[in-house]
Amino acid sequence: MSTKKYDAILVDPDLNSRMRLKAATTSVHNFGQVVQCGTLEEALGRLKGNDNCDVIFISYRFSTEDVQKFIRNGKEAPKGQDSAYIQVLKSNSGDSSTVAQNVIGGADGLLFEPYSVDYLLEITNLAAKVKKDRSSAREKAAIQVIVGELVTQVDQLAFLKQSNMDLTRALKKLGESTGLLKSLSPESIQIYYELAVNAFEAAPIAVNVSKYKQYGGVSARAKKRLEKKVQAEIEAKTASSGDTKA
């Protein structure tokens, strides 16, 4: 079984420093392609491009403000959202305040000069964990959106059924939403079950059917208007509930 290779970007305005870190990474078989950048702007451009990147090493030679801005922008870039951002510090920068400042600024880890092979190996393990955790967080957020839509659609279906209205459009929309669940992994399905149970238990009481009974014998056009009104009311209730919980 082949070992996962981690591609890296080294960002440092000092060429000699970049070369030392590049040499250190070549002694660790877990690293794959290692690209050198002299500026944060150049590195951000790569994260917005097509290059894969698992780990980004950022030199202490950049200002704290610039590094924090780079990390924020990098985590929004296509190739940087799952990357591990490692702040490279001088050997005498290991005091607690410096460490805290860098971690609060968004760094996932710290690397102190001189570079230890053992710690570089730990960095690759950290990169794997960061990638998994961030990918899982995005997937959970996406599943939460689906669950919210399902709560709304089930409420709408319940009302339309009780009111003897046409269910065709509502059933089609529900089928499209539930169809998305087929692509989920077994682990993600478990997340869906947990979120769905919580969401349906916390869902507000559906629209009061009795107040619409007077429309039972109206024309098809009037019923269509009523269906839209019901849908808007249900969605408003669901959104309001979500805001309250947030």
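A simple spin-label model places pseudo-atoms 7 Å from Cα toward Cβ; at LYS173 and ASP51 they are separated by 4.6 nm.
Ignoring any ligand, DNA or RNA, what whole percent of the accessible area of region 1-81 comes from carbon and sulfur when the probe is 1.4 angstrom?
On the way: 1960 of 4260 Å².
The C+S portion of the solvent-accessible surface of region 1-81 is 46 percent.
Model label points for ARG221 and ALA128, set 7 angstrom from Cα along the Cα-to-Cβ axis, are 6.6 nm apart. Among the listed pairs LYS48/LYS172; LYS161/LYS182; LYS129/LYS182; LYS75/LYS229; LYS132/LYS172; LYS131/LYS172, those with a Cα-Cα distance over 31 Å are LYS48/LYS172; LYS75/LYS229; LYS132/LYS172; LYS131/LYS172. A Förster distance of 45 Å, applied to the separation of the beta-carbon atoms of ASN73 and GLU201, puts the FRET efficiency at 0.70. Overall, the ratio between the Cα radius of gyration of region 1-58 and 2.2 N^0.38 Å, rounded to two decimals, is 1.12.
Quick one: net charge of LYS129's neighbours, Cβ under 12 Å, K/R +1, D/E -1? It would help to have the intermediate numbers written out before the result.
Numbers: positive: LYS131, LYS132, ARG134; negative: ASP54, ASP82, ASP108, GLU122, ASP133.
Charge balance in the 12 Å sphere: -2.
Identify all aspartates and glutamates with a Cα-Cα distance to LYS5 below 17 Å; exclude those on the same chain that are fewer than 8 residues away in sequence. Cross-link targets: ASP51, ASP54, ASP82, ASP118, GLU122.
Just to confirm a number: summing +1 for Lys and Arg and -1 for Asp and Glu over residues other than ASN50 whose beta-carbon lies under 13 angstrom from that of ASN50, what do you get? Kindly include the intermediate steps, with their values, before the conclusion.
Values: positive: ARG46, LYS48, LYS79; negative: ASP7, ASP51.
Taking every Cβ under 13 Å from that of ASN50, the sum is +1.
The length gained on full extension between ASP166 and LEU180, counted as 0.36 nm times the residue separation minus their Cα-Cα distance, comes to 2.6 nm.
Label point of LYS5 set 7 angstrom out along Cα-Cβ; within region 20-55, amide nitrogens under 14 Å from it belong to 26-35, 52-54.
The values are calculated or read from the model by the stated rules, or taken from the named source; none is laboratory data. In this text the structure is predicted, and so the values were computed from the model without any measurement. When we count neighbours, we look across all protein chains shown, and the Cβ atoms used for this are built from the backbone with ideal geometry, even at glycine. These area figures cover heavy atoms from the full protein model, side chains too; ligands, DNA and RNA do not enter into them. Shrake-Rupley method; radii C 1.70, N 1.55, O 1.52, S 1.80 Å.
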